[in-house]
Amino acid sequence: MEKSILVESVRYFAVCQGCGVEVEWCGVQALVGETLRWDVESTCSACGFALAVCGGDLSDEMRSRLLSEHGCARLRVSGSASNATVMRVLRAELGIGLDGVKAVLEQVLSGQYSGTLPEMELLARRLRASGIDAVASRTVD
């Protein structure tokens, strides 16, 4: 099991829950060992209200912002990878059925499957744990 931590963060403005003024928030998607998590925190300079939410759900909006600010990462596997093993890992990790996993497999094999770097690195780690040579890397589109 790999123990390294990989993070991507995004700063944004949202309303303070204490006084209603706009304050800066920091959101972090982190891959900690084998766990993907989303943490946010903020402290209001107007009223002092502070909030940290650890292990929350990453919204589609925040995921889009991460991708916009950091760019996509792609998952790549070696040409000799076992399709059945890759499909098994993808089904387990993505929670998709047989029809859906075939389309994702084609994207992975062609180097077109993408997401945030922590998301792609988690899949790469799971694939490597199953004996598949896999890497996640930032792309330039």
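Of Ser68, Ser59, Ser82, Ser64, which residue is farther than 21 Å from Ala30 by Cβ and either of a type in the set (S, T, N, Q) or without any contact (Cβ under 8 Å) to a residue 60 or more places away in the chain (or both)? Reasoning before the result, please.
Values: Ser68 fails: farther than 21 Å from Ala30 by Cβ; Ser59 fails: farther than 21 Å from Ala30 by Cβ; Ser64 fails: farther than 21 Å from Ala30 by Cβ.
So the residue among Ser68, Ser59, Ser82, Ser64 that is farther than 21 Å from Ala30 by Cβ and either of a type in the set (S, T, N, Q) or without any contact (Cβ under 8 Å) to a residue 60 or more places away in the chain (or both) is Ser82.
Pull up the range 72-86, narrow it to residues that are assigned to a loop (DSSP other than H, G, I, E, B) and among the polar types (S, T, N, Q), then point me to the one that is least open to solvent (accessible area, probe 1.4 Å). Walk me through how you get there before you give the answer.
Kept after step one, since they are assigned to a loop (DSSP other than H, G, I, E, B), are these residues of the range 72-86: 72, 78-82.
With among the polar types (S, T, N, Q) added as a condition, the list becomes 78, 80, 82.
Numbers: Ser78: 32, Ser80: 107, Ser82: 52 Å².
The selected residue is Ser78.
Can you pull out the residues in the range 15-30 that are part of a strand (DSSP E or B) and open to solvent by 30 Å² or more (accessible area, probe 1.4 Å)? If you could, list the steps in order and put the result at the bottom.
Taking the range 15-30 and keeping what is part of a strand (DSSP E or B), we get 15, 22-30.
Val15, Glu22, Glu24, Val28 - these are the residues of the range 15-30 that are part of a strand (DSSP E or B) and open to solvent by 30 Å² or more (accessible area, probe 1.4 Å).
Just to verify a result, which residue in the range 53-71, among those that are of a type in the set (A, V, I, L, M, F, W, C) and surrounded by fewer than 17 Cβ atoms within 10 Å (Cβ to Cβ), is farthest from Leu117 (Cα to Cα)?
Step one: of the range 53-71, the residues of a type in the set (A, V, I, L, M, F, W, C) are 53-54, 58, 62, 66-67.
Adding the requirement that they be surrounded by fewer than 17 Cβ atoms within 10 Å (Cβ to Cβ) leaves 53-54.
Working: Val53: 21, Cys54: 19 Å.
My answer is Val53.
Quick one: Val89 ticks every box in (1) out of contact with any strand residue (DSSP E or B) (no Cβ under 8 Å at 6 or more places or on another chain); (2) outside any helix (DSSP H, G or I) except a single one, so which number is it?
(2)
Do you know which residues across the range 93-122 are over 24 Å from Arg37 (Cα atoms), open to solvent by 50 Å² or more (accessible area, probe 1.4 Å) and part of a helix (DSSP H, G or I)?
Leu98, Asp99, Lys102, Ala103, Glu106, Gln107, Leu109
Kindly evaluate Arg125 against the criterion of being open to solvent by 30 Å² or more (accessible area, probe 1.4 Å) and not aromatic (Phe, Trp, Tyr).
On the way: open to solvent by 30 Å² or more (accessible area, probe 1.4 Å): no; not aromatic (Phe, Trp, Tyr): yes.
When the stated conditions are applied, Arg125 does not pass them.
How many of the residues in the range 18-53 are on the phi < 0 side of the Ramachandran plot, touching a residue at least 24 places away in the same chain (Cβ under 8 Å) and under 27 Å from the mean Cα position of the chain (by Cα)?
First, pick out the residues of the range 18-53 that are on the phi < 0 side of the Ramachandran plot: 18-19, 21-32, 34-47, 49-53.
From what's left, touching a residue at least 24 places away in the same chain (Cβ under 8 Å): 18-19, 21, 27, 29-32, 34, 36, 38, 42, 44, 46-47, 49, 51.
Of the ones still in play, those that are also under 27 Å from the mean Cα position of the chain (by Cα) are 27, 29-32, 34, 36, 38, 42, 51.
Count: 10.
I'm checking my understanding of the structure. Among residues of the range 31-47 that are of a type in the set (D, E, K, R) and either part of a strand (DSSP E or B) or touching a Gly at 6+ places or on another chain (Cβ under 9 Å) (or both), which one is surrounded by the fewest Cβ atoms within 10 Å (Cβ to Cβ)?
First pass over the range 31-47, keeping only residues of a type in the set (D, E, K, R): 34, 37, 39, 41.
From the residues that got through so far, the ones that are either part of a strand (DSSP E or B) or touching a Gly at 6+ places or on another chain (Cβ under 9 Å) (or both) too are 37, 39, 41.
Details: Arg37: 16, Asp39: 17, Glu41: 13.
Among those residues, the one meeting the criterion is Glu41.
For the range 18-68, enumerate the residues that are within 23 Å of Ala124 (Cβ to Cβ) and among the aliphatic types (A, V, I, L, M).
Val28, Ala30, Leu31, Val32, Leu36, Leu58, Met62, Leu66, Leu67
The values are calculated or read from the model by the stated rules, or taken from the named source; none is laboratory data. Here the structure is a predicted model, which is why all the values come from computation and not from measurement. We place every Cβ from the backbone using ideal geometry, glycine too, and count neighbours over all the protein chains shown. Side chains are part of the model used for accessible areas, which takes the heavy atoms of the whole protein and leaves out ligands, DNA and RNA. Shrake-Rupley method; radii C 1.70, N 1.55, O 1.52, S 1.80 Å.
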